[in-house]
Amino acid sequence: MSAKEITRILYGGDYNPNQWPREIWDEDMRFFKDAHINSATINVFSWAKIQPEEDRYEFAELDDIVEMLSKEGYDIVLATATGALPAWMARKYPEVERTDYQGMHHKYGHRHNACPNSPVFRKYSKKLASKLAERYGKNPHIKCWHISNEYGGTCYCENCERAFRVWLQKKYGTIEAVNKAWNTEFWGHTFYDWDEIVAPNALGEGMWDERSAFAGMSIDYKRFNSDSLLQNYKDERDAIRQYDKDAVITTNLMGTYKELDYFKWAKEMDVISWDNYPSYNTPWSRTAMTHDLMRGLKDKPFMLMEQTPSQQNWQPYNSLKKPGQMRAQSYQTIAHGANTIQFFQLRRSVGGCEKFHGAVISHAGTEDTRVFREVAQLGAELEQLGDTVLKSRNEAQVGIVFDWDNYWGLEYASGPSVDLKYVDQIHSYYEYFYNHNIPVNMIPVDADFERYKVIVAPVLYMIKDGMKEALEQFVRNGGTLITTYMSGIVGESDNVYLGGYPGPLRAMTGVWVEEIDALAPEQYNEVLTGDGNKYRCNLVCERIHLEGATALASYTEDFYAGEPAVTKNSFGNGVVYYIGTQLDREGKADILARACNEADITSIVEGAEGLEIVKRTKEGKELYFIMNFEQDGKKIPDVFVGCTDLLTGKVLEKEMPVHKYDTYLVEK
């Protein structure tokens, strides 16, 4: 076992003692012990403090912080501090700052403010990471390196424009291939020289909503920007690896964040970590889906790098977490694959734009607060659990496809509806499985489909090389594929597959889509199933012709009344369901229930309506998390009666009420 292997659930979070006088540090150590905190994330935004001048580094304060935490026995997550530039760098080298979509070159300020293709930024960020690793890499308490912070944003400066041309040359080889990929005959935009290509911002090809006249160009720029920021991460990772061969290296991701292809990033990360900040009205199913996506990036447990113990301060409405909510939310995170619970922040800042962001230690500076008591309770429970959940896994027979190229492609398409939002579409299908306690893996388009009985691929707009063949093989071998409207439309450069939608999926779906009608928000249609059930539908209605498939439901209104809306087609030993319109929740549930029944997909616990139940397995043992995020009035399912709750030692009894935010963990 490596001296730096993480052997307990890390419980702590962002700690900024450099913002406070030294006498506060000792008080913090006492508070943290009382809260059963065992780790701290430090140095996240300290570049300006560590490197006050171009040729001068100051490590004395960070030395003291690392020494203090090491003596106290904390596991340390050490950040590289490169998420915000020091002011001297922007003053001396103004090209390190970003140029935004509107073409404005920024001055010094904010964070995530560095051009990813700036040679100056790349030089000094690598140098800082190297110096930190050389100085602290042998410390056995440094369990994890946290590179930069919440990578994101896009730059359109001349550095990036030049780098984009190089990226295109590597991808396409010739300017003729670029013209073909982007269909530049449209509007007479043919390029004859690489230097004629400009970044697709508002000064060039840009249109509304950061779209451009050529979606293929915009999608390629998304890919390029994601790759550019990933290179920044790899620069620092490789610098650290020269001095620390054992510690985990990561960066904190942001769930369904649109700008970065996280499946591609995951290949370069030792472990996935992410920051979970749902708003006051985010459905719990949406949060669960995002956890599953983060677990799915590497198909392994992940780290929760940040959550708030109470309220946030940068959303429009920053509600307090209700009593018990933080605890339940934390266990939901662990249930879906987390091996850490970490907060932003441990002590509430005295100033700056996040001074009202929740913290373990509030501005009152006392342990006598509701939030502190709840943090301490959770810490004691996690300490008691020890390594019970570590090295356990979440297994599933259902895979839901999530793909950033499709995310970009669907939302850059100029039509048919501005209300087509990729993540909302994915969630609307995930929700059914969540409500029925059916485990789901969120998977990439190049996943091993054969691991699953059912693959759900909503709005699979872009079919890239190899996807058609992989899906066909999955279905031929007996799998069930569920796909929807706006699927099989384009290839990876956003050019339409000719010959009728859904393009490469046409043979396996057994349908041909002639037209796609867009319905305004106030409009809707209805579908009637073969067994007489009627459901509303909206957003889009595809006009479907059968080519071997069977109609399961048909439209009841408009000139396409009577035409198929939902179909099923046998293909090899499997079946394909095609849903040609946005069904209401009940309509989706009807079709998904049929598909699951036929594929022998069942809930992990029957008779648990209204409860979220998640299972992790370890060495033949099953760990069940039982959580109530709805209203009071739920009961413990009979299958758990007589089991002992590992969190409290309580024996679960028949008819025992499960109140809102109650959480139990049992082993079977």
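The values are calculated or read from the model by the stated rules, or taken from the named source; none is laboratory data. Predicted, not measured: the structure shown is a model, and the values here were computed from it. For neighbour counting, all protein chains shown are included, and Cβ atoms are generated from backbone atoms with ideal geometry for every residue, glycine included. Note: areas computed on protein heavy atoms with side chains; ligands, DNA, RNA excluded. Shrake-Rupley method; radii C 1.70, N 1.55, O 1.52, S 1.80 Å.
Please go through region 344-391 and pick out each residue that is in a loop (DSSP other than H, G, I, E, B), over 30 Å from Y422 (Cβ atoms) and in contact with a Gly (Cβ under 9 Å, 6 or more places away or on another chain).
Q345, L346, R348, A359, V360
From the set of residues in region 583-620 that are in a strand (DSSP E or B) and either touching a helix residue (DSSP H, G or I) at 6+ places or on another chain (Cβ under 8 Å) or among the basic types (K, R) (or both), which is farthest from A518 (Cα to Cα)?
The extreme case among them is K618.
If you check M217, M269, M326, M303, which single one turns out to be out of contact with any Gly (no Cβ under 7 Å at 6 or more places or on another chain), assigned to a helix (DSSP H, G or I) and closer than 29 Å to S392 by Cα?
Unique residue meeting the criteria: M326.
Specify the residue that is surrounded by the most Cβ atoms within 10 Å (Cβ to Cβ); the eligible residues are those in region 274-286 that are in contact with a helix residue (DSSP H, G or I) (Cβ under 8 Å, 6 or more places away or on another chain) and in contact (Cβ under 8 Å) with a residue 60 or more places away in the chain.
Residue satisfying both the conditions and the ranking: R286.
Would you point out which residue out of I42, I37 is within 24 Å of E236 (Cα to Cα) and buried (at least 17 other Cβ atoms within 10 Å of the Cβ)?
After ruling out the rest, the residue left standing is I42.
State which residue is most open to solvent (accessible area, probe 1.4 Å) when the search covers only region 621-668 and only residues that are assigned to a strand (DSSP E or B) and among the acidic types (D, E).
E667
Restricting to region 590-608, name every residue that is surrounded by 13 or more Cβ atoms within 10 Å (Cβ to Cβ) and either among the hydrophobic types (A, V, I, L, M, F, W, C) or under 20 Å from P657 (Cα atoms) (or both).
Listed by number, the residues that qualify are I591, L592, A593, A595, C596, A599, I601, I604, V605, A608.
As an exercise: evaluate H110 against (1) farther than 20 Å from R237 by Cα; (2) modelled with pLDDT of 95 or more and give the number of the one condition it does not meet.
Here H110 meets the rest and fails (2).
Please find, among D405, D465, D446, D368, the residue that is more than 19 Å from K300 (Cβ to Cβ), modelled with pLDDT of 95 or more and out of contact with any Asp or Glu (no Cβ under 8 Å at 6 or more places or on another chain).
D368
Quick one: what pairs do we get from region 96-111, first residue closer than 20 Å to S46 by Cα, second open to solvent by 70 Å² or more (accessible area, probe 1.4 Å) and hydroxyl-bearing (S, T, Y), C-beta under 8 Å, 6+ apart or different chains?
Filtered contacts from region 96-111: E97/Y108.
Can you tell me how many residues in region 198-226 are open to solvent by 40 Å² or more (accessible area, probe 1.4 Å) and under 30 Å from V271 (Cα atoms)?
Residues meeting the conditions: 0.
Do we have any residue at all in region 399-407 that's more than 22 Å from F474 (Cα to Cα) and surrounded by fewer than 19 Cβ atoms within 10 Å (Cβ to Cβ)?
Checking region 399-407: not a single residue is more than 22 Å from F474 (Cα to Cα) and surrounded by fewer than 19 Cβ atoms within 10 Å (Cβ to Cβ).
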